[in-house]
Amino acid sequence: MKIEKIELRHIKMELISPFTTSMGTEYNEEHIIVRVDGESLTGWGECVAEGTPFYSYETVTTAWHILQDYLIPSILGKNISSVDEAILLYEKVRGHNMAKAGLEAALWDLFAKSKNISLSKMIGGTRNKVDVGVSIGIQSSAPELIKKIEGYLDEGYKRIKIKIAPGNDIEFIKAVRKKFPDILFQVDANSAYELKHIDLFKQMDDYNLLLIEQPLGYDDIYDHSKLQREIKTPICLDESIHSLNDTRAAIDLDSCRVINIKPGRVGGFRESKLIHDYCESKNIPVWCGGMLESGIGRAGNAALASLPNFTLPGDISASKRYYKEDIVEPEFVVNKDGTMNVPTKPGIGVEINMKMLEKVTVKKLVL
Ligand code: OSB
Ligand code: MG
């Protein structure tokens, strides 16, 4: 496959409602859409670096730089026979996983289309439906939160995740558990706590949480092992896991008992699959995290979540949970039974809504 042309688009999409976490409030989501053309086929990928360096050090600006100046020049104009071969060409770039994952995603789509198979099939998926949950930002009050949760449960979502931060934690957890004693319920701290808060985490053990996501330092593995030793609720790492190596260290140290896999954070579907396979061999369940993706990234996440060890519902919600209108057709919907269909058409399996894509593009570069 000759890589003939690559296009980058900085997109900005308005969220239907602000998303508040311990890192701040987001009103818009900025990402980069990568388009790769070769031999009359087109592959699409989404780079999930955000406008701000609060979840990750990467931003749209750093990812654009790495894509434009390093990753793309290493593959443009070359004849490449597989995604693995392309990855080798830019392997010496350290870090910048979101930039890499955006390009890799477009290549996976392109190669899956050239083989006329779905992305799910190409990466080893075994399911045509995946269980989905919803991630809810910090709300102004417990009744407000309960109302939101009721709405999502009515739509079918199988699992509720709420964001927590110091001062916005145990009261919300208590209220939710009282109202919904049996739902699958988990919390995400986005690194807002320290080991000194250990008593608070011990209290959380009383609420039958599915897991506590990334309670401590964003780059920590060691302190999490100390916390996990003291509490019964499984810790799930998100921010701290960037590779198979991090995964091995975290499992070996018993720093977590569940892993959240986001292809952007770990550098692409290839590394995601390595982490998935390793966790499976260690009996560690995984689930697919989200970065408020557009339909392009969402299609990739749904395909990834169709692998067998994705046994917990993912943060893969319907398009309309995030945006008034998505940039793909058909948009992603949640079935009444809390599942989402994994696209079966070649590649990412959805069409690009070019009119919408143009509307949300704030900058474009063709290489
Ligand atoms: O920590 O999982 C996170 C969104 C942006 C950055 C980090 C996170 C999130 C979410 C939203 O929780 C998940 C989604 O896409 O629905
Ligand atoms: Mg998280």
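The values are calculated or read from the model by the stated rules, or taken from the named source; none is laboratory data. Every value quoted in this text rests on a predicted model; they were computed, and no experiment measured them. So basically every Cβ, Gly included, is an ideal-geometry build from the backbone, and we count neighbours across all protein chains shown. The protein model used for the area step is the full one, side chains on, heavy atoms only, and it has no ligands, DNA or RNA in it. Shrake-Rupley method; radii C 1.70, N 1.55, O 1.52, S 1.80 Å.
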- Which entries in the list K121/K345; K158/K232; K147/K359 go over 21 Å, if you measure between the two C-alpha atoms of each? K158/K232; K147/K359
- Query: Using mean Cβ contacts within 10 Å as the protection proxy, how do 239-248, 97-106 order, highest first?
  - Reply: 97-106, 239-248
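Per residue of the chain, what 222 nm ellipticity follows from adding -39500 (n - 2.57) for every DSSP H run with n ≥ 4, rounded to the nearest 500?
Working: 15 runs with 127 residues, N = 367.
The helix-only estimate for the chain comes to -9500 deg cm²/dmol at 222 nm.
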- Task: With a 1.4 Å probe and every protein chain kept in, tell me what percent of the accessible surface of region 69-124 is carbon plus sulfur.
- Result: 50
- Query: When the Karplus curve 6.51 cos²θ - 1.76 cosθ + 1.60 is applied with θ = phi - 60°, which whole-Hz ³J(HN,Hα) does each residue of region 246-257 get, with x for Gly and Pro?
  - Reply: 4, 4, 4, 5, 5, 6, 4, 7, 6, 7, 7, 10
- Task: Determine ³J(HN,Hα), in whole Hz, for all residues of region 291-305 in sequence, where each value follows from phi through the Karplus function 6.51 cos²θ - 1.76 cosθ + 1.60 and θ = phi - 60°; x replaces Gly and Pro.
- Result: 10, 6, 5, 6, x, 5, x, 4, 4, x, 5, 5, 5, 4, 5
- Note on the structure: Applied in sequence order to region 149-160, the curve 6.51 cos²θ - 1.76 cosθ + 1.60 (Karplus, θ = phi - 60°) yields integer Hz couplings, x standing for Gly and Pro, of 4, 4, x, 5, 5, 4, 6, x, 3, 8, 8, 10
- Task: Would you mind working out the accessible area per residue for the chain, using a 1.4 Å probe, and quoting it in Å²?
- Result: 41
- Query: Starting at 0 and stepping by 20 Å, how many percent of the alpha carbon pairs of the chain end up in each bin?
  - Reply: 31, 59, 9
- Taking the Cα centre of region 122-348 as origin and charging only Cβ (+1 Lys, Arg; -1 Asp, Glu), how large is the dipole, in debye to the nearest 20? 480
- Query: Cα atoms only, region 260-358: Rg and Dmax in Å?
  - Reply: 13.7, 46
- Note on the structure: Share of accessible surface on carbon and sulfur in region 162-208, whole %, 1.4 Å probe and ligands ignored, is 47
- Query: Roughly how many percent of the accessible protein surface of region 1-65 is carbon and sulfur, given a 1.4 Å probe and a whole-percent answer?
  - Reply: 50
